[in-house]
1. Would you mind finding the one in B:M168, B:M164 that is surrounded by 22 or more Cβ atoms within 10 Å (Cβ to Cβ) and assigned to a loop (DSSP other than H, G, I, E, B)?
2. Quick one: which of B:R160, B:R69, B:R134 is of a type in the set (D, E, K, R) and under 14 Å from the mean Cα position of the chain (by Cα)?
3. Take the conditions more than 9 Å from chain A (Cβ to nearest Cβ) and surrounded by fewer than 17 Cβ atoms within 10 Å (Cβ to Cβ) and apply them to B:V65. Does it pass?
4. Please specify each residue of the range B:179-233 satisfying the condition of being within 19 Å of B:G41 (Cβ to Cβ), over 16 Å from the mean Cα position of the chain (by Cα) and not in a helix (DSSP H, G or I).
5. Quick check on this structure: which one of A:A169, A:A143, A:A180 is at negative phi, touching a helix residue (DSSP H, G or I) at 6+ places or on another chain (Cβ under 6 Å) and surrounded by fewer than 17 Cβ atoms within 10 Å (Cβ to Cβ)?
6. Can you work out which of the residues in the range B:121-149 that are surrounded by 13 or more Cβ atoms within 10 Å (Cβ to Cβ) and charged (D, E, K, R) is farthest from B:S92 (Cα to Cα)?
7. What's the number of the only condition in (1) surrounded by fewer than 17 Cβ atoms within 10 Å (Cβ to Cβ); (2) within 14 Å of the chain's Cα centre (by Cα) that B:T43 fails to meet?
8. For the range B:152-173, how many residues are within 14 Å of chain A (Cβ to nearest Cβ) and either of a type in the set (G, A, S) or touching a strand residue (DSSP E or B) at 6+ places or on another chain (Cβ under 6 Å) (or both)?
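The values are calculated or read from the model by the stated rules, or taken from the named source; none is laboratory data. Remember, predicted model here, so these are calculated numbers, not experimental data. As a convention, Cβ positions derive from the backbone with ideal geometry for all residues, glycine included, and neighbour counts pool all protein chains shown.
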Amino acid sequence: MRGTGKYLPIVPVLAAYALLLLYGVATPGKWQLVAQLAFYCALGQAFNLFMGMTGYVDFGYVAFLGVGTYGMAVTISSLSDGGLGLGIILIGFLVAAVFSTLLAMAVGAVALRLRGAYFAIATIGVNEGFRYLIEGARIWNGADGIIFSRHLKTALGRKMAMSVSTFWADIFVFGVAVLAAVLTLYYLRNKVGYALLALREDEDAAKVMGIDVTRFKIIAFITSAALAGLLGASGWALKLTYVYPPDVFEIHYTVEAIIIVLLGGAGTLMGPIAGGLIYGVSKYFLAITLPGFQLLIFAPIIIAIIVIFPEGLVGILKGKVHGTRLEKYVI
Amino acid sequence: MPLLKCEHVSKRFGGMVAVDDVSFEIMTGELMAIVGPNGAGKTTMFNLINGVFLPDEGHIWFAGVDVTRFPSYKRAHLGMGRTFQIPRPFASATVQENIAIGAMFGAAGGELNVEEAMEVADQYIDLIGLKAHRNKPAGGLTPIEKKLVEIARALAMKPRLLLMDEAMAGMNPKDIDQMVTFIRHIRDVEGIAVVALVEHIMRAVAGLAERVLVMHQGAKLVDEPTREALNDPRVIEVYLGRQAEEFNAKS
C-alpha cells in the first residue's frame, strides 16, 4: 500500500490488455472478437469509475457514448477539407470529450442532487430524451444521422481511412481502456478514492467526516462521462464511419455496462476487465451455439452469478489473496 | 471567547417544535453532557450544531465563525468531529482506512496525503487498542469495537469539539466506566471540548461531565454544573415525574 508499490496493480491490467491485443493480431479471423472484448472492458471500466466507485446507477450512461460519437462525426464531416491530416482525429477526440463533459455537467447539475434510486430514475430518460431532441429539433442532421466515410477518405486518403476504421479505431478503444485503468487506479490510491468509498458506504457520515460529497461525485461523474465520449468516438464513430441516433442512444448498452461491472466487482480496478472479458466471450459463444437465444440464456446466468457472488469475481479474488504476496497486485 | 455558541436556536418539523429557543456556550477543554428523556430534542440539537439540519431561527458560532448556514463538511474542516448513536463506520473499508479517512478530510486533512493519513490512523489504532483488527473490514467488528473505531475516526480529524451521540448506550456498567475514563483521557491528551448526549445513564453523566444541559420537550431546562443539575428538582421531575418528587420530599 505504501510508497512505490501502490501502483503495482496496473501491471496485471496492462499484461491482460497486451495478451488480448497479441492474440487478436496473431490469430486470423479473431480481430472482431478481440475488438469487441476490448470495447466491453473499456465500457465497464469507464462506467465503473462512476457507478462502481459511488454506488450511483446512471441509466442514461449511453448518452455520453452517443454524444462522443457525434463529437467525432461532426468534427470529421465538417473539417475534412481543412487539410489537417491525422490531426483531425485528435480534434475529434477532443470534441467528443468536450461534448460528453458538457452533457455530464448538465445532467449532473440536476441529477446529482438526488440520492440513490431517485438518481437512477432521473437518469433513465436522459438517453431517450437526447435522442428525440436530436431527431425532433433536427440537430446534427436529425434522424438521418451523419454518414462521414466520404469525409474521412477526403481527410486522410482512401488507404489511411480504411486502416483507421478497420484497425486503428480498435487500437484507440484499447487506449481508452488503458486510460480508464490508469485513472481508476490513481483515484483508488488517492484521496478521491477514499472520499468516494466513504460516500458510497454512508453519504451522511462522509459529510460529517469533512467530505464535500457533491464535489467528489461530480469529479467521478465527469471522468466517467468523458471516457465514455472517447469510447464512442473510437469504438463507434471511427469504426463505423456513420452515426444514427437510435443506434447510439440505445439503453441496452447501459444495461450491458451494469452487468459487466457487477459481474467483475464494482469499485475495483480489475473487476470491469474480468467482467468485460467474461461477458464478451460468453455472448460470442452463445451467439454461435444458440443464435437468437443468447439473451434468454444469459439472463438467468447473470442473475445466478450476482446472487451467489454479490461482490463480483474480483471481490472473491481479493479475499483469496488477502495476506499473500499477490495481495499488492490485486485491487 | 467560547468555542461553540448557540443563540436562540429553534428547529421545527411541520407543526412540531423539536428544538425550542435553546442558547448555550461551551469553552475549549470543557466536558459537557446534554441530557434528557427520549424525545427531548437532544439529537436534533446535535444535528443543528453539526450541520445535518439547518436551524429555522437563531445563530450558531463555532471557533469565532458564524456557521449557522454551513454544510457539515465545512464545520468538520473548522474542527467539529462527531460520532453517531448507532455506529456508522464505512463497513467495507478496513479499520485503518476508516480512521485514515477522518485524518484525510477533517480539520488536519488539507496537509495530509494518503500515506501520512494511514500513519496517523495507526496512532489512533494504538490508542483504542484495536491493533489486531487493523486490516479487517470495519463491518465485521463487534458493536463496541465499531464505537471505538468511530471515536478514533473522529479524533483523527483533529477536532476542537467532539460531539458524541449516546457513546455509552447499551453498555454494561464496567464498559461504561471504561468509556468514561477513556473519554476523560482523550479530553486531557487532545485538549478538546467534548459534548456527549446521554439519555438516561446517570452513572455516565456523573462520572463524565463537568456541566450538564438538561433538555425537556425541545427547550433548555437547566444548564448547571453536574452535581447541581442532577439534584435539581426540575430535572428529577422530568425523569421521575411529580409523584416521585413529592414522595422524595415526604421521606
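1. Numbers: B:M164 fails: assigned to a loop (DSSP other than H, G, I, E, B).
The unique qualifying residue is B:M168.
2. Working: B:R69 fails: under 14 Å from the mean Cα position of the chain (by Cα); B:R134 fails: under 14 Å from the mean Cα position of the chain (by Cα).
Exactly one residue qualifies, and that residue is B:R160.
3. Working: more than 9 Å from chain A (Cβ to nearest Cβ): yes; surrounded by fewer than 17 Cβ atoms within 10 Å (Cβ to Cβ): yes.
So B:V65 passes the test.
4. Scanning the range B:179-233 gives B:H216, B:Q217, B:G218, B:A219, B:K220, B:L221, B:V222, B:D223, B:E224, B:D232.
5. Values: A:A169 fails: surrounded by fewer than 17 Cβ atoms within 10 Å (Cβ to Cβ); A:A180 fails: surrounded by fewer than 17 Cβ atoms within 10 Å (Cβ to Cβ).
When all the criteria are applied, what remains is A:A143.
6. Ranking the qualifying residues of the range B:121-149, first place goes to B:D122.
7. For B:T43, the failing item is (1).
8. Step one: of the range B:152-173, the residues within 14 Å of chain A (Cβ to nearest Cβ) are B:152-165.
Among the residues that remain, those that are also either of a type in the set (G, A, S) or touching a strand residue (DSSP E or B) at 6+ places or on another chain (Cβ under 6 Å) (or both) are: B:152, B:154, B:156-157, B:159, B:161-165.
The number of residues fulfilling the criteria is 10.
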